[in-house]
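In what follows, a single structure is set out as structure tokens and then discussed.
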Amino acid sequence: MFTEAEQAALALAEEGTRLADAHLGVSDDTWALARKHYDDDQLAALVSLVALINAANRLAVILHQKGGSYETGMFAKSN
């Protein structure tokens, strides 16, 4: 379903997120696959996005934010 490049990005995100059970970080194999598809700037952007998403998730846990509460259009301006 996902391209090889998308799979590489997802693997990088997964390994960069699962610190409790993957304390060694992103594996060399995953980095090699990501490097095959992305240049330095793209990898920097990908790593930054993974870090930002993880930070948002941690904040949601700390603040007891209920997941799944978004409803389509809830932030749309009403006339």
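The values are calculated or read from the model by the stated rules, or taken from the named source; none is laboratory data. Predicted, not measured: the structure shown is a model, and the values here were computed from it. Using ideal geometry, Cβ is built from the backbone for each residue, glycine included, and neighbour counts are taken over all protein chains shown. Surface accessibility is based on the protein's heavy atoms, side chains included, excluding ligands, DNA and RNA. Shrake-Rupley method; radii C 1.70, N 1.55, O 1.52, S 1.80 Å.
Summary table
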quantity	calculated
Answer from Ala8, Ala56, Ala34 - the residue that is touching a His at 6+ places or on another chain (Cβ under 8 Å) and in a helix (DSSP H, G or I)	Ala8
Pairs, first acidic (Asp, Glu) and modelled with pLDDT of 95 or more in segment 34-57, second assigned to a loop (DSSP other than H, G, I, E, B) and surrounded by fewer than 14 Cβ atoms within 10 Å (Cβ to Cβ), C-beta under 9 Å, six or more apart	none
Residues within segment 11-31 that are part of a helix (DSSP H, G or I) and either exposed (fewer than 10 other Cβ atoms within 10 Å of the Cβ) or not aliphatic (A, V, I, L, M) (or both), tallied	8
Top-ranked residue of segment 59-79 - restricted to ones that are part of a helix (DSSP H, G or I) and more than 17 Å from Leu19 (Cα to Cα), ranked as most open to solvent (accessible area, probe 1.4 Å)	Ile62
Residues (in a helix (DSSP H, G or I) and open to solvent by 60 Å² or more (accessible area, probe 1.4 Å)) located in segment 38-47	Asp40, Asp41, Gln42, Val47
Matching residues, segment 1-33, being touching a residue at least 24 places away in the same chain (Cβ under 8 Å) and over 16 Å from the mean Cα position of the chain (by Cα)	Glu4, Leu33
